[in-house]
Structure formats: structure tokens, C-alpha cells
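Beneath this line is the structure, given in C-alpha cells, with notes to follow.
Readers should treat all values here as calculations from the given coordinates under stated rules, not as data from a laboratory. Note that the structure is predicted; figures quoted are calculated from it, not measured. Every residue, glycine among them, receives a Cβ derived from its backbone with ideal geometry; neighbour counts consider all protein chains shown.
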């Protein structure tokens with residue numbers, strides 16, 4: 001991508017921001033830029049630079065009498081070179097931090113809260129995948145006597161996932177004995193994976209303990225076979241009200257893809273290339289995701305690779321306030337990561 005002059009970058013940045021703020025415009029004119037931003041250059045100079053930017057496919061003129069609007073390439077240049085380290089206003093950061101502080105002990109509420117916060121602070125749609133342990137590890141084991149020789153295994157993983165399985169043994173076991181055994185197994189196998197438990201089983205002679213550990217191992221292996229957890233969405237109405245989604249069938253179809261778990265799992269796994277403290281921006285379905293051509297996403301990971309991870313971000317039209325979206329996604333991802341470390345780390 002060709003690097004622009006300082007003046008060209010300033011003009012491109014102003015056009016992107018003006019067009020995002022006022023979507024009813026058919027384009028941004030040179031006169032608007034000069035008058036509104038008190039530029040030191042004449043309208044003729046600005047028009048010449050806009051023509052250069054158009055020749056580079058960074059701007060587009062819908063028709064002869066219209067101003068200029070950013071192209072997909074223009075948005076990508078803007079995000080890559082012109083969006084500096086944007087931070088939400090301190091008052092917003094404090095408000096968001098307070099909401100997460102209140103929910104710090106409610107793991108199941110984190111995803112819903114994050115999606116709602118992102119939607120409200122960006123005015124597009126927020127999306128969050130639930131925490132998922134990529135390698136299931138034990139946090140707590142509970143054994144409950146149900147009926148005759150049947151036992152309910154309640155297995156809590158480090159990522160907060162709760163798994164339940166009913167299995168049978170050769171003879172009835174008292175609840176007291178099951179509770180004592182569950183406490184001992186929790187202490188001995190906390191933070192351990194299914195493969196570790198399977199390796200240890202060969203050393204255990206007690207049939208009951210061996211049977212229970214086998215069931216724990218099998219249940220954890222099932223968890224390992226699943227991909228990302230539940231997907232939380234909020235703010236869909238924010239997106240549907242945008243003119244791009246009102247007038248475009250492909251854009252509305254793209255919204256429906258959010259509800260297709262397999263598609264979103266594959267997309268998120270492929271799209272996110274940034275480290276845990278970074279943000280990934282996917283503009284107009286770049287790459288192999290042509291179904292999302294009318295849309296853009298700002299995404300980030302949260303959590304810890306050694307404990308549990310998830311993905312969060314925002315989804316909206318290509319005409320998006322990227323600097324604000326990036327700031328909001330980065331801030332919420334940081335808060336969610338801290339919650340994971342505080343709770344499990």
C-alpha cells in the first residue's frame with residue numbers, strides 16, 4: 001500500500017471521519033473540509049489532492065456533482081496508518097470498569113455484559129464468545145448420589161464451564177463417601193488435564209476411584225472436542241437501522257451469518273491474527289470471507305492461553321467509526337482479561 005504525503009493523509013482522515021459522522025452525505029466536498037476544519041490550503045489544492053487519492057483507489061466519487069467517499073482500500077489505509085492509539089474518554093472508561101467490577105464474580109454474565117457495553121459505546125453490534133478452555137483442566141469435582149448405583153458427576157473447568165454426566169457403579173455409595181472422595185480428587189487433580197488423569201489411572205488400584213476418574217477423563221475429552229462457546233450478541237438493531245443494511249440484501253444476509261456457529265467459529269479462528277494485547281480489523285470481508293463484503297469487524301482476544309480464552313468485538317457497516325470501535329474493543333478486552341486472571345489465574 002502506497003504511503004501518502006502528510007497533506008494527503010490529513011485529507012483522507014478528515015473525509016473518513018466526516019463521512020462516518022454524517023452518512024446522509026453523498027460525499028464530502030473540498031469546500032466542506034476547508035470551511036469546517038479551517039485548512040490552510042485552498043479548495044483547489046484540496047480538490048487536486050482528492051483527485052490523487054481517487055486515482056489511488058482510496059476515494060470514490062459517486063457521481064459528478066458529489067463529493068468523495070472512502071473506498072474499502074481507503075478505510076484500510078485509514079485503520080492501518082491514521083488511527084492512532086485511541087482511548088475512550090476517562091468518564092466512559094470508569095463507567096465500564098465499574099460495571100465489570102460489579103459483575104466480577106458472575107462468570108456467566110461477563111459475555112452478555114461485554115456485548116451490551118460494546119454495542120452501547122460504539123452504536124453498532126457487539127459480539128462476544130464465551131470463555132473456553134482449549135485444553136480442559138479441572139477446577140472442581142462434585143459427586144452426587146442420585147438413584148441406587150447412579151452418580152451425578154458435576155465437573156467445573158478452569159474456564160468456568162460446568163459439565164454434568166450421570167454414570168453407574170457396581171453398588172450404591174453413600175453421599176458422605178462420595179463427598180469425601182470428590183474433595184480429595186479435586187485437591188489432587190486441580191489444574192490437571194484429561195491426559196494427565198488417564199496416565200494416573202494406571203497407578204490406582206481402588207476400583208471406585210478408578211471408575212470415577214475414567215468418567216472425569218471422558219467428560220473432559222468431550223469438552224476438548226468442542227470449539228468456542230456460546231456467542232453473545234447485542235445491538236443488532238443499531239446495525240439494522242444503518243442505511244447500508246436497510247438497502248442491501250447482502251448486508252442483511254451477512255447479519256444472519258452471526259447466528260451460524262460453525263461459520264463464526266471458522267471466521268474468528270482464521271481472522272484473529274493479533275496477540276492478546278492487540279486488535280484485528282477485518283474490513284469488507286477481506287480475505288476469503290466474501291459473504292461479509294458489506295461489513296467490517298473489530299476483534300480482540302481476551303483471557304489467558306493457559307487458562308481460558310474468548311473473542312470479543314463489534315460488527316457493523318464498512319462505514320464505521322473505527323477509532324472509537326478500536327478503543328472500545330481494546331478497553332473491554334483488557335478488562336475481561338483481568339477478570340480471567342483475577343478469577344482463575
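Where the Cα atoms of the range 279-345 are projected onto their three principal axes, how long is each span, largest first, in whole Å?
39, 25, 12
For the chain, what does the equivalent ellipsoid look like in terms of its semi-axes, each the square root of 5 times an eigenvalue of the Cα gyration tensor, given largest first in whole Å?
Values: eigenvalues 559, 64, 53 Å².
Whole-Å semi-axes of the equivalent ellipsoid: 53, 18, 16.
For the range 152-216 and the range 108-130, what is the centre-to-centre distance using only Cα atoms, to the nearest Å?
One Cα centre to the other: 36 Å.
Give the Debye-formula value of log10 I(q)/I(0) at each listed q (0.20, 0.26, 0.27 Å⁻¹), with one equal scatterer per alpha carbon of the range 177-258, two decimals each.
-0.92, -1.23, -1.28
Enter the Cα centre distance for the pair the range 312-345 and the range 35-61, rounded to the nearest angstrom.
One Cα centre to the other: 33 Å.
What FRET efficiency do you get for residue 290 and residue 202 if R0 is 51 Å and r is their Cβ-Cβ distance, rounded to the nearest 0.05? Walk me through the intermediate numbers first.
Numbers: r = 51 Å, r/R0 = 1.00.
FRET efficiency, residue 290 to residue 202: 0.50.
Suppose we take every Cα in the range 138-225 and form the convex hull; what volume per residue is that in Å³?
On the way: hull volume 7.3 nm³, N = 88.
Dividing the Cα hull volume of the range 138-225 by its residues yields 83 Å³.
So what's the convex hull volume per residue for the Cα atoms of the range 230-345, in Å³? Don't skip to the answer; put the middle values down first.
On the way: hull volume 11.6 nm³, N = 116.
Output value, Cα hull per residue: 100 Å³.
Using the basic label-point model (7 angstrom from Cα toward the beta carbon), what is the residue 95 to residue 162 distance in nanometres?
Calculated label separation equals 3.2 nm.
What does the convex hull of the alpha-carbon atoms of the range 1-98 project to on average, in nm²?
Values: hull surface 30.5 nm².
Here the figure is 7.6 nm², rounded to one decimal.
Pick out which of 309, 64, 219 has the largest mean-square fluctuation in a Gaussian network model of the chain, springs linking Cα atoms closer than 10 Å.
Taking springs between Cα atoms under 10 Å, the residue moving most is 64.
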